[in-house]
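Below you will find the structure I want to go over with you.
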Amino acid sequence: MQEQLFTTFFHHAPPGLDVDAIRAQWSALRPPYDVRQWVLPLPLWAKRPYDDSGAQAWGQLRQELTQADHDKPFCLYLHIPFCASKCHFCDCYSFKLGAYQEQHIQRYVDQLCAELRLWSQQGNLHRCPVSTVHLGGGTPTFIGAAALEQVATCCRDCFAVSDATEWALESTVADLTPTMIRVMDDLGFRRLHLGVQSLQPDIRAAIGRRRPSAEVLQRIADTLALGWVVSVDMVCGLPGQTLAGWVADLHTLLAAGVDGVSLYELLVYPQNQKWAAQQGLTKPDRHVTNYFLFQAGAALLAAHGFGKNLFNHWANGRDANVYFTFPTRHEDCLAVGTIGDGVFGQYHYRHGRYAAYLRADMTQQPGLEGGLRRTAVENALQPLTTAVLAGTIPPALLPALQRATAHSATLQAQWQSAALITPDASGGFTLTPNGAWFAGNMLGDMLVV
Ligand SMILES: C[S@@+](CC[C@H](N)C(=O)[O-])C[C@H]1O[C@@H](n2cnc3c(N)ncnc32)[C@H](O)[C@@H]1O
Ligand code: SF4
């Protein structure tokens with residue numbers, strides 16, 4: 001049955017795809033690892049209730065910050081929740097603005113800047129080096145040149161941004177006009193996370209991408225020509241997706257010179273459930289074909305010499321993926337803006353949603369929803385959690401991996417026997433493509449321990 005599913009799917013595999021390597025991964029899977037029941041790695045606030053209200057969390061964070069080193073780097077994440085329209089498939093916290101767009105944007109940007117100023121007055125934060133300024137969303141470029149300049153200037157005024165700081169943004173091609181690229185380049189941005197999703201015309205139409213794939217490739221070429229690091233997001237599980245189309249897309253993007261690729265499986269949540277059902281994307285078996293597509297993507301990226309620096313992100317040597325890898329460097333993360341979630345030391349916090357964020361008096365406290373301090377157990381698991389999410393388990397963590405037992409075997413034995421990890425040249429382990437798919441389950445295994 002398992003073999004039959006595999007053979008049917010890969011019957012007409014494109015030449016050059018290492019089908020045997022993918023089969024080896026599929027054949028190694030055994031309970032409790034079922035591709036239909038994989039779980040996403042979740043942040044702390046999604047796993048258990050907050051310890052503190054927003055006001056209490058701010059008190060905790062202020063204390064944490066008075067004790068912080070003045071030379072410990074941190075990364076700065078700013079969430080911009082706006083988009084020109086809401087894509088049917090999307091599960092991000094983002095929305096289309098109705099009337100009075102300019103006023104909405106101005107009000108939001110003013111709140112964001114007031115929040116940045118408030119944080120910069122805490123402890124030594126204004127002196128600590130900033131590793132990256134990352135604009136996420138939503139579609140940050142939607143707010144326009146003037147607002148982007150206001151935000152970037154505020155970051156530079158408030159914090160120790162230097163030439164070593166990487167300025168990064170997430171965007172969609174529709175918003176990334178040549179003029180906008182120039183604006184962002186002038187502001188110092190040098191890294192792009194481009195939401196490509198698919199290059200196939202039918203799929204692009206089904207998910208509401210209005211720009212042709214030729215324009216996607218042109219924007220990639222434009223930004224690479226400016227020396228930017230370009231990473232693309234690709235989703236498997238979209239309507240009408242085929243193995244041939246998926247593999248062709250990845251080949252095209254690699255030939256275009258992208259530096260990094262993040263692979264996602266389409267997540268179906270209440271907000272996109274109706275659309276997904278209409279598109280026939282809610283059958284339980286979809287996870288099996290999506291897993292096959294994911295595996296094909298992983299095999300292809302590995303064959304092109306791309307390694308993982310995050311469980312679902314493959315990168316060449318230029319792409320350090322600075323924001324998403326901040327825990328690996330033991331950095332803190334100052335996240336601002338609606339739903340922004342950050343961490344200082346052992347304290348994790350999250351902001352409120354849009355209306356609550358706009359209501360907050362930023363001269364007193366940021367619009368936090370709540371916060372939590374890592375427990376002793378969560379702290380003990382933190383190095384292994386960070387390593388799994390980074391896709392590499394260094395030799396120093398092997399004793400922990402061998403000591404820890406989940407179900408009946410040690411974690412190391414259990415993960416190796418399902419081919420989730422494989423020994424690497426460092427003497428530690430690397431997450432395999434199976435590990436990339438089951439990273440969230442692996443974090444869950446540790447809590448069973
Ligand atoms: C914060 S979004 C920003 C992307 C950008 N606005 C765009 O549309 O291209 C980041 C990425 O999340 C991924 N994503 C969005 N909705 C998803 C879903 N329902 N399931 C899986 N991945 C999703 C997409 O690959 C998207 O590019
Ligand atoms: S996919 Fe991108 S552009 Fe579309 S709604 Fe989501 S964040 Fe906005």
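For the stretch 8-126, which fully contained helices (runs of 4 or more DSSP H) count at least 3 residues that are charged (D, E, K, R)?
Details: elements: 19-28, 44-47, 54-66, 101-120.
It comes to 101-120.
For every residue, the table says whether it meets (1) assigned to a strand (DSSP E or B); (2) crowded, with 19+ Cβ neighbours inside 10 Å; (3) on the phi > 0 side of the Ramachandran plot; (4) at pLDDT below 95.
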{"residue": "Val196", "(1), (2), (3), (4)": "yes, yes, no, no"}
{"residue": "Arg204", "(1), (2), (3), (4)": "no, yes, no, no"}
{"residue": "Arg210", "(1), (2), (3), (4)": "no, no, no, yes"}
{"residue": "Ala255", "(1), (2), (3), (4)": "no, no, no, no"}
{"residue": "Tyr269", "(1), (2), (3), (4)": "no, no, no, yes"}
{"residue": "Thr282", "(1), (2), (3), (4)": "no, no, no, yes"}
{"residue": "Asn290", "(1), (2), (3), (4)": "no, yes, no, no"}
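Within the stretch 224-251, can you find the residues that are among the polar types (S, T, N, Q) and either within 16 Å of ligand 1 (Cβ to nearest atom) or touching a strand residue (DSSP E or B) at 6+ places or on another chain (Cβ under 9 Å) (or both)?
Within the stretch 224-251, Ser231, Gln241 qualify.
Quick grid of which residues meet (1) over 26 Å from the mean Cα position of the chain (by Cα); (2) within 16 Å of ligand 1 (Cβ to nearest atom); (3) closer than 30 Å to Ala320 by Cα:
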position	(1), (2), (3)
His88	no, yes, no
Ser94	no, yes, yes
His104	yes, no, no
Cys113	no, no, yes
Leu116	no, no, yes
Trp119	no, no, yes
Val130	no, no, yes
Leu135	no, yes, yes
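Here's something else I'd like to know. Under 6 Å between Cβ atoms, which residue pairs at least 6 apart in sequence (or on different chains) link something in the stretch 11-38 that is in contact (Cβ under 8 Å) with a residue 60 or more places away in the chain with a partner that is of a type in the set (Ser, Thr, Tyr) and outside any loop (DSSP other than H, G, I, E, B)?
Sorted first by the residue in the stretch 11-38, then by its partner, the pairs are Val35/Tyr291.
In the stretch 360-375, is there at least one residue being surrounded by fewer than 20 Cβ atoms within 10 Å (Cβ to Cβ), outside any loop (DSSP other than H, G, I, E, B) and modelled with pLDDT under 95?
No, that holds for no residue.
When you check Phe311 against the structure, is it touching a helix residue (DSSP H, G or I) at 6+ places or on another chain (Cβ under 6 Å), aromatic (Phe, Trp, Tyr) and in contact (Cβ under 8 Å) with a residue 60 or more places away in the chain, yes or no? Write out each step before concluding.
Working: touching a helix residue (DSSP H, G or I) at 6+ places or on another chain (Cβ under 6 Å): yes; aromatic (Phe, Trp, Tyr): yes; in contact (Cβ under 8 Å) with a residue 60 or more places away in the chain: yes.
The answer is yes for Phe311.
Continuing with the same structure: Can you find, within the stretch 61-76, the residue that is nearest to Glu170 (Cα to Cα) among those that are out of contact with any Gly (no Cβ under 6 Å at 6 or more places or on another chain) and modelled with pLDDT of 90 or more?
Step by step, filter the stretch 61-76, then rank; the result is Leu76.
The values are calculated or read from the model by the stated rules, or taken from the named source; none is laboratory data. Predicted, not measured: the structure shown is a model, and the values here were computed from it. Positions of Cβ are backbone-derived with ideal geometry, glycine not excepted, and every protein chain shown enters the neighbour counts.
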